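The values are calculated or read from the model by the stated rules, or taken from the named source; none is laboratory data. Since we're looking at a predicted model, the values are computed, not measured. Reconstructed Cβ throughout: ideal geometry from the backbone, glycine too, with neighbour counts over all protein chains shown. For the accessible areas, the whole protein counts, side chains as well, though only heavy atoms, and no ligand, DNA or RNA atoms are used. Shrake-Rupley method; radii C 1.70, N 1.55, O 1.52, S 1.80 Å.
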There are 2 protein chains.
Amino acid sequence: MEYVEAKNKFIQTWGSLGSQWGINKTMAQIHALLMVSAEVLSMEDIMEELHISRGNASMNLRALIDWGIVYKEYKPGERREYFAAEGNLDELARKIAKERSKREIKPTIRVLKEVSDIATEDHQQAAHFKAKTAELYDFVSRADNMLEKITAQKENWITKTIFKLMS
Amino acid sequence: MEYVEAKNKFIQTWGSLGSQWGINKTMAQIHALLMVSAEVLSMEDIMEELHISRGNASMNLRALIDWGIVYKEYKPGERREYFAAEGNLDELARKIAKERSKREIKPTIRVLKEVSDIATEDHQQAAHFKAKTAELYDFVSRADNMLEKITAQKENWITKTIFKLMS
DNA sequence: TTAAACTTTCAGTACTTATTGAAAGTTTTG
DNA sequence: CAAAACTTTCAATAAGTACTGAAAGTTTAA
């Protein structure tokens, strides 16, 4: 396979992976493009490379910056903004984990707590519901906690975690 | 909050969580409903409770069964099929992790390997691309490996993992 | 074997989400 | 200050995804 073809394939794959994870395709593609680019890119560069509109590029770049996985860069003497992806993969994974926890897991935990707090009623259905959601609350809280623990270490957490799990 | 209201809130929340994770809303809602139901439910029951059509119920139940997190049950002397959710949360999480690894992570790893295998060219761009995708390949492989390790234990893996990580 | 009781399939349609592009906004420079 | 060079916003629309419902398929019982 040749460079241009490989690059394109990578961007497509990363993009479709994004959609499966609830991240929009363009956002994931921009991220992929920035990750494998040797140089920082301008919005114009990104629009051209991915064949997307200015508005689309602008909105998704902002989202990536909100997630903390893309940075703005300025070249001395130039007005135009350039963009670069977080280069450290540990850091990237940590930021994604943190963001998803904040946006999805934490709110779910809150709802689980809330709904499992209904008064204990006499009928079996309500009792079962209460028990089951309480169990879920416990489980999801622990899982979230584990995620925090795993990604707490700044350097090489995957390797360290695997090592610990093997002991 | 009262039982019916709590139950509804839980189903809605679980459903929207589903969409954020690339699982369709109805599929997640059916799963939620089955999880908190004290009794097994028929397709008719599910259609009525969630206000969905027969076709929708049928397709999403099949998908849940494919994932291995919902089972068919038969009542003696009855023709009709009933459905129940996997009750053990450890088992549920393990099956979801396994399925997502198979469907998403493994194919991504394959592409990463493929694209990082381009011939080393002389220009800087291609060299950078090769290096970056190779790094990603390494990282994602390790992460997938870690997921396998974590969910390998059948009982109480969250607790065990947290315990190990604290040591 | 036929009818009844049920489930699955899928073309059409509804709904949701992403994208465009032009107008409005912002910053910089002369 | 005005114009140039750029970015952001958002209403309209396109694209993608899920849902319906009726017809076809399957299984069971008589």
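Looking at B:Leu92, B:Leu64, B:Leu34, which is the one that is surrounded by 12 or more Cβ atoms within 10 Å (Cβ to Cβ) and in contact with an Asp or Glu (Cβ under 6 Å, 6 or more places away or on another chain)? Can you show your working first?
Working: B:Leu64 fails: in contact with an Asp or Glu (Cβ under 6 Å, 6 or more places away or on another chain); B:Leu34 fails: in contact with an Asp or Glu (Cβ under 6 Å, 6 or more places away or on another chain).
B:Leu92 is the lone residue from the list that is surrounded by 12 or more Cβ atoms within 10 Å (Cβ to Cβ) and in contact with an Asp or Glu (Cβ under 6 Å, 6 or more places away or on another chain).
Taking the condition of being within 14 Å of chain A (Cβ to nearest Cβ) and within 8 Å of DNA strand C (Cβ to nearest atom), how many residues in the stretch B:49-76 meet it?
0
In this structure, does A:Asp90 turn out to be within 11 Å of DNA strand D (Cβ to nearest atom) and assigned to a helix (DSSP H, G or I)?
Judged against the criteria, A:Asp90 is not a match.
Can you pull out the residues in the stretch A:130-142 that are in contact (Cβ under 8 Å) with a residue 12 or more places away in the chain and surrounded by 16 or more Cβ atoms within 10 Å (Cβ to Cβ)?
Those that are in contact (Cβ under 8 Å) with a residue 12 or more places away in the chain and surrounded by 16 or more Cβ atoms within 10 Å (Cβ to Cβ): A:Lys130, A:Thr133, A:Leu136, A:Tyr137, A:Val140, A:Ser141.
How many of the residues making up the stretch A:108-118 are facing chain B (nearest Cβ under 8 Å) and either assigned to a helix (DSSP H, G or I) or open to solvent by 40 Å² or more (accessible area, probe 1.4 Å) (or both)?
Here the count works out to 6.
A:Lys75 is checked against (1) modelled with pLDDT of 95 or more; (2) open to solvent by 70 Å² or more (accessible area, probe 1.4 Å) and fails just one. What number does that condition carry?
(1)
Need pairs with beta-carbon distance below 6 Å; first residue touching a residue at least 12 places away in the same chain (Cβ under 8 Å) and under 14 Å from B:Gln29 (Cα atoms) and within the stretch B:53-73, second open to solvent by less than 50 Å² (accessible area, probe 1.4 Å) and β-branched (Val, Ile, Thr); sequence gap 6+ or separate chains.
Pairs that qualify, where the first residue is touching a residue at least 12 places away in the same chain (Cβ under 8 Å) and under 14 Å from B:Gln29 (Cα atoms) and the partner is open to solvent by less than 50 Å² (accessible area, probe 1.4 Å) and β-branched (Val, Ile, Thr), are B:Asn56/B:Thr26; B:Ala57/B:Ile46; B:Asn60/B:Thr26; B:Asn60/B:Ile30; B:Leu64/B:Val70.
From B:Ile23, B:Ile46, which residue is away from every other protein chain (no Cβ under 11 Å) and either farther than 27 Å from A:Asp117 by Cα or out of contact with any Asp or Glu (no Cβ under 6 Å at 6 or more places or on another chain) (or both)?
Numbers: B:Ile23 fails: away from every other protein chain (no Cβ under 11 Å).
B:Ile46 is the lone residue from the list that is away from every other protein chain (no Cβ under 11 Å) and either farther than 27 Å from A:Asp117 by Cα or out of contact with any Asp or Glu (no Cβ under 6 Å at 6 or more places or on another chain) (or both).
Could you identify the single residue in A:Glu39, A:Glu104, A:Glu5 that is within 12 Å of another protein chain (Cβ to nearest Cβ) and open to solvent by less than 40 Å² (accessible area, probe 1.4 Å)?
A:Glu104
Given (1) surrounded by fewer than 16 Cβ atoms within 10 Å (Cβ to Cβ); (2) among the acidic types (Asp, Glu); (3) not in a loop (DSSP other than H, G, I, E, B), where does A:Asp122 come up short, assuming only one miss?
(3)
Please tell me if A:Thr151 is closer than 30 Å to B:Ile158 by Cβ, within 10 Å of another protein chain (Cβ to nearest Cβ) and β-branched (Val, Ile, Thr).
Taking the combined requirement at face value, the residue does not satisfy it.
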